[in-house]
1. Scanning the stretch B:391-415 for residues that are over 30 Å from residue B:207 (Cβ atoms) and touching a residue at least 24 places away in the same chain (Cβ under 8 Å), which turns out farthest from the chain's Cα centre (by Cα)?
2. When you scan the stretch A:199-220, do you find a residue that is outside any helix (DSSP H, G or I), more than 27 Å from residue A:380 (Cβ to Cβ) and within 14 Å of another protein chain (Cβ to nearest Cβ), even just one?
3. In the stretch A:80-98, is there at least one residue being within 30 Å of residue A:417 (Cα to Cα) and outside any helix (DSSP H, G or I)?
4. Within the stretch B:362-370, is even one residue buried (at least 18 other Cβ atoms within 10 Å of the Cβ) and farther than 18 Å from residue B:423 by Cβ?
5. Going by the conditions given, is residue A:518 modelled with pLDDT under 95, in contact with a helix residue (DSSP H, G or I) (Cβ under 7 Å, 6 or more places away or on another chain), surrounded by fewer than 22 Cβ atoms within 10 Å (Cβ to Cβ) and more than 26 Å from residue A:239 (Cα to Cα)?
6. If I go through the stretch B:189-224 residue by residue, how many of them are more than 19 Å from residue B:355 (Cα to Cα) and in contact with a helix residue (DSSP H, G or I) (Cβ under 8 Å, 6 or more places away or on another chain)?
7. Only one of A:107, A:138, A:103 is at pLDDT 95 or above, more than 14 Å from chain B (Cβ to nearest Cβ) and more than 23 Å from the chain's Cα centre (by Cα). Can you tell me which?
8. Listed residues A:238, A:242; which is surrounded by 14 or more Cβ atoms within 10 Å (Cβ to Cβ) and more than 26 Å from residue A:422 (Cα to Cα)?
C-alpha cells in the first residue's frame, strides 16, 4: 500500500503477477473475472426487482461494460498462458483441486473464446433492449411490437452458432454452450420418446379431469398469506436466509452473487396461490444448489454449477418430486392450513394433494403442470430450431405457436400474451435454453430413483419434515461437485446410467395413474 | 459485430479507438469509467438495503475490483494522452460542452492520479470491513470493537494526505478531495464564527425551552403511516419516482446510478416520526440535485455534482429552509393530518410548526435540530483534525467526545452508541467530509437569501404547494451546472458573494427568535 505508481498500465483484470506459484496467479485472475461477472449479476437482479423505469437505459450500458470486461479478461491470451504454464507444471491431470480448476477452466476458456468481445457486448445490450421491448409488447398484448427485436436476437444467435461450430447444425452449435455434450438430434429423439408417452397420458388424464376437484386451487389467497407460505416452505426445507432472499418480480428467477448471497424471486397472484408457492420451491431448488457449491473452488469456473440442465433437475426436484409429493403434503398441509384463509380448513389432505397435482392442457408454460410442462418445452424447441434453420420466420411464430399447441396439447392461445409473449427468455437473448428444462425434469426422475435407493426411508423423512438427509445427499452428490462434471458425466457418475427418459416417465405414469385412478 | 478477434488485448476500459474525433474517444473512455463506478454504486446501495449478511465478504471483493478498475482506467496514461490531444486541438478554453468536459476532467484526473490504484483498492476493502466492524460495535455498544478499524482508517488517511499534498497540513491535504479550494484554517475560522454566535443562541433557546410544546413530537406513529408521509412529501415537492426510489436502511443516504435512477433511503422509528420525514426531505434534496444534473455531460466528470458541500446545501435547503418553514407547514399540515393518527388532529398548525423546529442540545447528530447540528459537526472536525495531526489517539475519542460535547452543547453521551459510534462515515473511510455538512448549511442560507430576492412570492408559492418554480430555479442555477464550477466559484456565480456565514446566522437568529419569542 502506498507503493506502486499512479501510471500503472490499464488492464481488464489482475495481470502481470508472475509470482512463483502459477495457481495463485491463475486463481487471482479468475477471481477478478468472477467479481466482475457477479457484480453484473447484482445489477441484473436489481433491474428485475427494484429498478425504476428511468434507469433502464444506463443500466443496460453498465451491464454491457461489465460483461465485456469479464469476457475480455477471461478470454485474454494471458489466461491461456497461465493455463499453459499450469499444464507445463503437470497440473490438470489428477484429481486435486488445482487439477479440477485447470481442467474446467480450459474447457470454459475454449468455449468463451469462440465469441468475440464485441458480440458479447452486443448480446448484452440487446438483452436489455429486448427486455424493454418484451415488457412493452406484453403491455400492449402485441407480438408485433416484440418481433423486430426477436429478429435481431435470431440473427445474433445465427452468428453465435456459426462462431461456436461452423460445421455443426446451428442448434447443436448453440447447445455446445447451453447443453454441452448434446446434439439437437439427440434432444429431438429424447423429446420424441416423451411425446410418444406423454401425449396419450395427457389424453387419458383429460378424459377423467373430473376426478380431481379444482376447488382448493380457485380460492383467493391474499398477498401476505402467500408470501408467508412461500417463506414457511423455504424455511422448512432449510433455505438459508442468512445467505439469501426472496423478492418479487414479474418472472421468477434465481441469481447468485457467491455462495453467501443467493437470491430468488417470485410473483404473487392472489387468484392463483399455487403459482407463488411452487415457483418459490422451484427457485429454491436452484438456490440450494448455488448455496451448496464448493467454496474451495469459488471464484473459478470449477466452482460454478454443472449446467442449466442439472440446475433445472434441482429446481424440479424441489418443486415437483418433493413439493408435489404426498409425503410433503402430509408434512406441509397442517402448516399451510395455519397460514391460509379459514375456508381452506374444509379440505382434506388428499383433496389438497390432488388439487396441487391437477393436470390438464393450459396455455402458460410456467403455470403448466408436471406432465404437460414438457410439451410446452418441446413446442419452443421446435420453434427455436425452425427460426435458426431459417425454415420459419419470426412473423410466423404466433401462427405456428397456435398450430403446435393444438397438436400437442389440444388447446390454442387467443392472444399473444398467452402465446409467444409469455416467456422472458428470447427477449434476453437466451436461445436453445428451453430444452434444459425438460432435460432437468428427466434427470430429476433419474435422481428420484437413485435417492430412493440410497435413502430407503425417504418418504418417512419428508413426512416429518426432516429434509437435512435429502439436502445433504444432494450437497454431497451434486452441489459439491461444482462444474467438475458436465451433464452427461454427472448423471452417469451419480445414477450409474446415461440420461434416459425411462425413470421420469415411469414416475409420471405411476403418480398420475394413482391421482386420476387411471 | 462478429468482427474483431477473440484475442483482443485486455484493457480496463475502452482504449485504442483513435478515431478522427478526440472528443468521441475521450467521452467513450470516460463513459466506461462512469459505467463501472455506477455499477459499484449499485452494489453499495444493495449492500446497505437488501444484502443478506452472508454476502458481505464477497461483496467487499466485488466492489474493490470495480473501484480499482474504474480508478485504473480513469487515471491511466491513455486518459492523459486524450486530454493532451484535446488541448492540442484547442479544446478546453471556451465555454462549449467539450471545453467544460476537458477542463473538469483534467482537474479530476490530476486529483485522482494522486492516489495509486493499490491504495484505492485497499480503501475500498477497508470500507467494507469497517462497516461490518461498525455494525458489530454498535450491536455491542462498544467503541473498543471499532477502534482497531478506525486506527487503520486513520493510518490510511495519513497516507492519503501525504500523497495529496506532502507540503500541506494533512487535513487541508484531505480537503483537496472533499472540499477543494478550502484550507483547514479557513474552515476553522468559519467554524469559529459559527460557534461564537450559535453557542449563545443555543443557550438562550435552552433557557426558554418550555416555550415550545414537545407533545406532537412524542406521539407514536406506526411505520406505514410514516412511510406514506415521506412519500407524500416527496411527491408534493416533485421527486420523480419514475427515476428514483425510497428504501429502508440503518443510516439514510442518497445514491445515483445516472439521472434516470436516483435512490434515497430512510429509517423509520415509530417513536420519532420526525426522523423519517425530515431525513426523507433531506435525502430528496440530494436526489433532486442528481436527477437534475446535466444530461449533456452525463458519463463525464463534468456531469457530476459540484461538491459534497453544494450537495449538502441542497439537502439542507429541502430539509430545513423549505421543510421546516412556516409556509411549508401551512401547505403540508392538512395532508399530514390525513395520513397521521387521529390524535394529531388536536394540534394547531402553529403547534406543529414549532414542534418540528424544537431546538436544544441532544446527543445524535442526525437527529439534531437545525441550530445545534453545526456544533456536532464542529466537534467531529476537531476530532478528525486531532487524529490526523497525531495530537489525539483513537482510544481517546470517546473521552474527547464527552468533553467537547459538554463544552459545545452542555450534554454528554453515557455510551458509545450515542457517542462516537453514531456515524457511519469513519467506518467507510470517509474522512474530512463532515465540514461539508455545515458548509452546506451555510450555503443553504446564502441560497435562501438569493432565491428570496429572485422569486419574491416564494412563501406564497410554498404555501400552495407550487414547488416547480423553486426546483426550476435550482435546476437552472445549480443542478444544470454539474461540476463546471467548484464550491467557491459556484457560490460566487449564483449568489454574487463568497462563502460567508452571515446570511445563515441571520436566518437562524430571526427564525428561532420568533419561535422561542427571544
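1. B:395
2. No, the stretch A:199-220 contains no residue that is outside any helix (DSSP H, G or I), more than 27 Å from residue A:380 (Cβ to Cβ) and within 14 Å of another protein chain (Cβ to nearest Cβ).
3. No, there is no match, as no residue in the stretch A:80-98 is within 30 Å of residue A:417 (Cα to Cα) and outside any helix (DSSP H, G or I).
4. So far as the stretch B:362-370 goes, yes, one or more of its residues are buried (at least 18 other Cβ atoms within 10 Å of the Cβ) and farther than 18 Å from residue B:423 by Cβ.
5. yes
6. Residues that pass the stated criteria total 8.
7. It is A:103.
8. The match here is A:238.
The values are calculated or read from the model by the stated rules, or taken from the named source; none is laboratory data. All values derive from a computational prediction rather than experimental measurement. Neighbour counts are summed over all protein chains in view; Cβ atoms, including those assigned to glycine, are modelled from backbone coordinates with ideal geometry.
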